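Notes follow once the structure below has been shown.
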Amino acid sequence: LARQWFAALPADASSMFAPPSSVACDVYASHPRLCVNLIYFVVVDVGFYLIYLLQGSTWLIDPHWQLIPVCISLFFFSHPDAGWDEGVPQHPRAYLVLGLLLVWATRLMHNYLRREGYQFGDREDWRYNDMRREHGRWFVISQFFAVCVAQHCMLVGLTMPLQPAMAASGASLNRFDALAASLCLTGICVGLVADNQLFAYMQSPDKPLLLDSGLWRFSRHPNHFGEQLWWIGILSSAVAAAGGWSGFVAGGPRCWAVAFGVCFNHPIDTLATLPLIEARMLRRPERATRYRAYQRRTPLLVPWFVRGGGKDAKVA
């Protein structure tokens, strides 16, 4: 009956109710990375951009860093390449990586909600708030590129290793899986400890001018170090899926492309984002002198032994 009803419609009308085109199906089945990028562009780049304009705030940028990697991981986990087609058993690596990602996302979301007082949309990231003020009326246009498109390259790029890591055709579990899991778990733990110490510091009614104890004694940004380490671990899982470095290198550009996210995000985080945070820390005159001393003795990112000591080693 349904076929007769569709056949009776004009060609241009029945096409409105037609199933997905063969092109769309081919993109999904044969080009999952491209499919993810197209979906992200429509839903997040364009869709969230419109929401930002309507709300006058880019606050969604914070929680979407936890939620979207989970969505992308589930996309790859349920894709035919992962073994959901023709009853092919899923690779143990797919379960390992998905489990690690769910732990990471839960930890990060809890930290975000705790920091925001368990209120969604209460505050906009200070960096974009400053950008809104500096760009004025042009921020309506610039935020699409500075917020949406830039985050696309970072976030989607960082999650691309999930596709080979979850593929049923990947190499058997090997020592690189142990390395990947170790890096991921270390990154999660470093981020957890650093964020807990920062939260306790921010909640203290008589906190000192700067936090330079715990992990923050050995790195000025240990939370960023933990996050960068986590994504290197995810990239390592793709190397494991290729059977190791030799297989990854021999795989050519198709394999190498999954390293784009780390190669793009980590330098920007280290060379652009962290200097912005440092400049903000120096804005308060009463803290500037002590923070410069902190800069001289403490590494920017990778935890290492404190240089020097004496009266500037501690801030009361």
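How much length, in nm to one decimal, is gained on full extension between Ser142 and Trp256, taken as 0.36 nm per residue of separation minus their Cα-Cα distance? Present the calculation step by step, with values, prior to reporting the outcome.
Numbers: separation 114, 0.36 × 114 = 41.04 nm, distance 3.07 nm.
Using 0.36 nm per residue and subtracting the Cα-Cα distance, I get 38.0 nm.
Which net charge results for the neighbourhood of Ala200, defined as the other residues with beta-carbon distances under 13 angstrom from its beta-carbon, given Lys and Arg at +1 and Asp and Glu at -1? All intermediate terms of the calculation are to be shown ahead of the outcome.
Details: positive: Arg114, Arg115, Lys207; negative: Asp195, Asp206.
So the environment of Ala200 carries a net charge of +1.
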For 25-38, 275-288, ranked highest to lowest by mean beta-carbon neighbours within 10 Å, the order is 25-38, 275-288
Computed, not fitted: 222 nm per-residue ellipticity of the chain from DSSP H runs ≥ 4 (each -39500 (n - 2.57)), nearest 500, equal to -18500 deg cm²/dmol
With R₀ set to 25 angstrom, the calculated FRET efficiency between the beta-carbons of Ser172 and Cys263, to the nearest 0.05, is 0.35
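Can you give the translational diffusion coefficient of the range 217-290 in µm²/s, computed by Stokes-Einstein from the Kirkwood radius over Cα pairs at 4 °C and 1.567 mPa s?
Numbers: Rh = 14.6 Å.
Approximately 89 µm²/s, per Stokes-Einstein.
For the pair Ser182 and Arg133, what calculated FRET efficiency results from E = 1/(1 + (r/R0)^6), where r is the Cβ-Cβ distance and R0 = 51 Å, to the nearest 0.05?
Working: r = 43 Å, r/R0 = 0.84.
My answer for the efficiency is 0.75.
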Here, Val193 and Ala272, labelled 7 Å along Cα→Cβ, have an inter-label distance in nm of 3.1
Each label sits 7 Å from Cα toward the beta-carbon; between Asp26 and Arg307 the label points are separated, in nm, by 5.7
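Put Cys255, Cys184 in order of accessible area, largest first, 1.4 Å probe: what do you get? Don't skip to the end; give the middle numbers.
Details: Cys255 35, Cys184 0 Å².
My answer, sorted largest first, is Cys255, Cys184.
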With all protein chains present, the chain has a carbon and sulfur share of its accessible area (1.4 Å probe) in percent of 67
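Between Thr106 and Glu286, take the C-beta separation as r, use R0 = 25 Å, and let me know the FRET efficiency to the nearest 0.05.
Details: r = 38 Å, r/R0 = 1.51.
Approximately 0.10, to the nearest 0.05.
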Reviewing (i) 0.97; (ii) 1.04; (iii) 1.00, the figure for Rg/Rh (Cα atoms, Kirkwood Rh) actually calculated from this model sits under (ii)
Using alpha carbon centers only, the range 129-187 is separated from the range 279-295 by a whole-angstrom value of 31
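The values are calculated or read from the model by the stated rules, or taken from the named source; none is laboratory data. Source: prediction; values computed, not measured. Heads up, the Cβs are rebuilt from the backbone with ideal geometry, glycines too, and the neighbour counts pull from every protein chain shown. All accessible areas refer to the heavy atoms of the entire protein, side chains included, with ligands and DNA or RNA removed. Shrake-Rupley method; radii C 1.70, N 1.55, O 1.52, S 1.80 Å.
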